[in-house]
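Notes to accompany the following structure.
Just so you know, all these numbers are worked out from the coordinates, no wet-lab data involved. Values in this document were obtained by computation on a predicted structure and should not be read as measured data. Cβ coordinates were reconstructed from backbone atoms using ideal geometry, including for glycine residues, and neighbour counts include every protein chain displayed.
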């Protein structure tokens, strides 16, 4: 068993379904956020269990050529510039458990000195998960506790193992939208910023994307103008996963580029990243949510597991 707060050297060899790096130290699997396969790192163990551990990079000894700079000046407010990780601060923050029952839990995050350094607003952010049958209902709520307007972006990052069963393979699966649509693909730079370009992304029969690993060689597929419900399914199995996101105008579909990763992420978003080489003024960014002082915002989406033969709703 590894020792908490001890620093170890390791090589990142794989990824989890959520995109965390995986290393093996003394026979123990260690899950490390913001790690890239092939890198050699020094990692501090932050949580240690008998067969697994969670850690954080303290030094990159050998950097992968696929690594990009994840932190830069991305925004400004009233002329003041702020630096923030490209995926925001919530994923690295410690939430408290505010409510818990046999089939639901609510996590809560409020501003801290660390969040204020990146994002100068007072807020309360709650995430509630409620299990109803075979559906997980996710509710995001944001309260503006500040005296000024609160601009923010929000979205989910669920990942699913593919194949869903041992008798099928990755390319047996497809993503089926709940109704015919003509989505557009939003263009991104190699550093995961907007490049200002949008192009039509035709679907098979106006409903379907067939999975293959090469789809993600240019990183995530980010869509707009798509149906607000999509199922991961296969003709070879009755098992499927359906993600419904009625309040999310964007959908990211991703796995680690240039790999045969055994998962796909289906990510509903309510907002978009910044533009390449532009320090955005938060108060003017049109795709953000702008919440008045004292107001509350709520967004609900869901994940349903089913054994039904039909994968579309």
- Task: Using only C-alpha positions, report the orientation-averaged shadow area of the convex hull of region 180-267, nm², one decimal.
- Result: 6.1
- When the chain is treated as a Gaussian network with springs between alpha carbons less than 10 Å apart, the largest mean-square fluctuation among 205, 191, 287 is found at 205
- Item | Matching label, semi-axes √(5λ) of the Cα gyration tensor in Å computed from the structure shown, candidates [x] 38, 22, 17; [y] 35, 31, 17; [z] 29, 27, 22 | [z]
- Item | Kirkwood hydrodynamic radius of region 1-42, Cα pairs, Å | 10.4
- Expected 222 nm ellipticity per residue - DSSP helices of 4 or more, -39500 (n - 2.57), all of the chain, to 500: -500 deg cm²/dmol
- If eta is 0.890 mPa s and T is 25 °C, what Stokes-Einstein diffusion coefficient results for region 93-215, Kirkwood Rh from Cα pairs, in µm²/s? 131
- Note on the structure: Mean Cβ-within-10 Å packing, highest first, puts peptides 291-300, 217-226, 92-101 in the order 217-226, 291-300, 92-101
- Query: Of the peptides 170-178, 254-262, how do they stack up when ordered by the mean number of other Cβ atoms within 10 Å, highest first?
  - Reply: 170-178, 254-262
- What percent does the relative contact order of the chain come to when contacts are Cα pairs within less than 8 Å and at least six residues apart? 17
